Every structure is written in structure tokens, then in C-alpha cells.
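*Asks:* Could you have a look at this structure, given as C-alpha cells, before my questions?
The values are calculated or read from the model by the stated rules, or taken from the named source; none is laboratory data. Keep in mind that what you see is a predicted model, and the values were worked out from it rather than measured. So basically every Cβ, Gly included, is an ideal-geometry build from the backbone, and we count neighbours across all protein chains shown.
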Amino acid sequence: MIELRNFISLNENELKELLKWRNSVGNFMKTQNISLKEHLNFVKSLKNDASRRYFVVFKGGQSIGVIHLFNISLQTCEFGLYAKPNLRGVGQLLMNEVLNYAFDTLKVQILKACVFKTNERALTLYLKNDFKIINEDETMLYLCKRGGGGVTLYFNSLRRAS
């Protein structure tokens, strides 16, 4: 069974363990070497921010990784994911949770991601899940995937009775 546990509901020991994870994957992330104070302030900032959702993913009661969705709007959001350090083979499971949460819970229409050009494993995972490369710069590739969510507004024409 898969469980998503919001960062803001984690206890102090879980938060400290999570900080180790965040720093161990730093070479694949835009931010590197996060202090405990920065980490705790970051988690605290999530409490009142509807534009960002961060979860530890559990399978069978064991933590396996993190998914996060940010820049959440009615139509789009961005995401990231990473596995627990030294744990292999869970990328697709984490991706499935991202896709489910983005398209089924948030009901966005477009899911976006960016990846370092040197991160071939992540890029392979994204392309395997039908993400398309839409842009690039010197170091990053920018990808998106369209889903079935989003808010659709219907306008009914009103007829005046004569």
C-alpha cells in the first residue's frame, strides 16, 4: 500500500532524516547543502502555502522517496521527485504518485519538470512517461506532459422570453 505523508506532518526525527536525503541528492537539485535551520524553516513555510505540496512516499510502511509539486495553479504545476538514498528501482512508482496527484487530485492540465542534462536516469524516466522536451538552456532540459485535468468553464447562452 502506498501512503503520501505531507512534510508538515512529520516529526522531528523524520525531518532530520529527510534533511539527510535532501542533501544526499543535492548534486541533482538546484539547491545544495541545506542546513537544519533552513530545512525546518522551509517545512514551516509549507503550512500556509497552497502553491507547494511536499510528500514522503511510503510503501508497506517503509519510506521510499519524496515527491513535490510546486507553482500549483488551476491549470499547471511543476514537480520533482527523488528516491531514498541508496534505494534503487522506485523511480516509476514515485512518478506514478506524481501523475496521480497532479492529474487526479489537483486536476491540472499540464505537468512541468526540469532536469539537468547530465541526469540521464531522470530524463529517461520522464520520456518513458510521455513527457516532451519543450525547451533547454545551457544546463537544463524543460519538459511537460498534458493530462486530462483542469477546470473547464461552460457558458450557457441565455434566451430572453418574449
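*Asks:* Quick check on my filter: what residues within segment 66-84 are touching a Phe, Trp or Tyr at 6+ places or on another chain (Cβ under 8 Å) and at positive phi?
*Replies:* Of everything in segment 66-84, nothing turns out to be touching a Phe, Trp or Tyr at 6+ places or on another chain (Cβ under 8 Å) and at positive phi.
*Asks:* So which of 74, 94, 69 is touching a Gly at 6+ places or on another chain (Cβ under 6 Å) and over 18 Å from residue 23 (Cβ atoms)?
*Replies:* 94
*Asks:* Let me ask something additional. Determine which single condition residue 112 fails, assuming it passes every other condition in (1) in contact with a Cys (Cβ under 6 Å, 6 or more places away or on another chain); (2) modelled with pLDDT under 95.
*Replies:* (2)
*Asks:* Checking residue 141 against (1) in contact (Cβ under 8 Å) with a residue 40 or more places away in the chain; (2) not in a loop (DSSP other than H, G, I, E, B), which single condition isn't satisfied?
*Replies:* Going through (1) in contact (Cβ under 8 Å) with a residue 40 or more places away in the chain; (2) not in a loop (DSSP other than H, G, I, E, B) one by one, residue 141 breaks only (1).
*Asks:* I'm told residue 33 meets every condition in (1) over 15 Å from residue 81 (Cα atoms); (2) modelled with pLDDT of 90 or more; (3) not acidic (Asp, Glu) except one. Can you identify the failing condition by its number?
*Replies:* Looking at each condition in turn, residue 33 falls short on (2).
*Asks:* Here is a further query. Pull up segment 119-162, narrow it to residues that are among the β-branched types (Val, Ile, Thr), under 27 Å from residue 74 (Cβ atoms) and at pLDDT 85 or above, then point me to the one that is surrounded by the fewest Cβ atoms within 10 Å (Cβ to Cβ).
*Replies:* Checked segment 119-162; the qualifying residue surrounded by the fewest Cβ atoms within 10 Å (Cβ to Cβ) is 134.
*Asks:* Out of everything in segment 77-103 that is over 11 Å from residue 53 (Cα atoms) and touching a helix residue (DSSP H, G or I) at 6+ places or on another chain (Cβ under 8 Å), what residue ends up being modelled with the lowest pLDDT?
*Replies:* Once the filter is applied, the top-ranked residue is 85.
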